[in-house]
1. What FRET efficiency comes out for the pair Val77/Ile140, r = Cβ-Cβ distance, R0 = 30 Å, nearest 0.05?
2. Classify region 105-187 from the C-alpha gyration tensor, please: rounded if a/c falls under 1.5, else prolate or oblate depending on whether a/b exceeds b/c.
3. Output wanted: per-residue J couplings in Hz (rounded whole) for region 132-144, from phi through Karplus 6.51 cos²θ - 1.76 cosθ + 1.60, θ = phi - 60°, x for Gly and Pro.
4. Taking the Cβ of Asn183 as the centre, find all other residues whose Cβ is under 15 Å away and add up their charges (Lys, Arg: +1; Asp, Glu: -1).
Amino acid sequence: MTYVHRFMVGAFVLLAACGRDDGGVGGGTDSAGGSSGSADASVSATLTIGSADATGGNCGPGEVACNDGCFDVSSDVDHCGSCDNGCGAGESCVAGHCSGGCAVGATQCGTQCVSTNSDADHCGSCEVACGDAEVCGDGICQAACPEGAIACGADCADAATDPVHCGGCGNDCNAGQACVAGNCTCSAPFMQCGQSCVDLQTNPNHCGDCEVDCGDGECVAGACACAADQTECAGECVNTNSDEANCGGCGLACAAVLERCEQGACVCGQSFDECDGACVDTETDPAHCGACGNDCGEQFCSNAECRAECDNNLEACGHSCVDTDDDPLNCGACGNVCDAGQGCNNGDCGGGG
């Protein structure tokens, strides 16, 4: 019997014991006077597979009736192995066992992944340590290793199934792997990608196949998809609430540098003012110099004032006096507008600004 099978049967028998009216674990007698205390009978009675759930409906084949419905306890992350046994964040339920940072069949005790079936410091559960003269086998502290188990110090392991001593002492399986016939093998739904076992149905770095990267998107049923707060525009996932090239919808671009996207609408950037429905730089705009509507006519707008000519350190671009070293609307040369999100540094458009 494999570790996972022993785990499942042990959990189911425990559930059966809890469900008995007489509080006992042993067998009673059925209506015909025969014994009804076998493990199989207990499991069948407790799991109520295919029986009515708490809502009065019928569970399907392979499902278990829990308080909030019918679930496949071999794969459901909220009812893994038994009702209400939820897996941790980032974990999957594989063969009735929560698997995340530890191999299938291993248990995380503190910072360690151990096999409670064989670990003498965590025998049967994380909290149970065997005595100095004892070993751990089949999850029980005892005087000697059970027949067929290999001795790894005080650990008695089934080398064919033990996730910590797989095929030999100290051969640990990785997360998502199971020990099968003494070999660490990726366990469904995990697949081998490089040195890791990944779920191709949900892993955004290996979506549908190894090395298929979804970027900022999500992997849903083995296919890349945009996250809930994103929209696909021209093959890319973007947030139309904040993306300046797709503001409020695909292809709706805000004016570079002058505008930014907020809540799906283009608004003037922090350094610009709205005049007559347009975003302008009142420091240099000759039609709105220093304030909306203040037209310099034939003069130049320099530092928010109308002047007859530009200062020596500024360049005339039309009737605007600008510093082409740091003006993102005239970066390095008149009319050279930087892309959205870029600043102008020493006449070159670059990040930030």
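1. Once the sixth-power term is evaluated, E becomes 0.55.
2. Since a/c reaches 1.5 but b/c is at least a/b, the shape of region 105-187 is classed as oblate.
3. 4, 9, 10, 10, 10, x, 6, x, 10, 6, 8, 6, 9
4. Residues close to Asn183 contribute a combined charge of -3.
FYI, it's all coordinate maths here, none of it is from the lab. All figures in this text were calculated on a predicted structure; none of them were measured in a lab. Note that we place each Cβ from the backbone using ideal geometry, even for glycine, and neighbour counts take in every protein chain shown.
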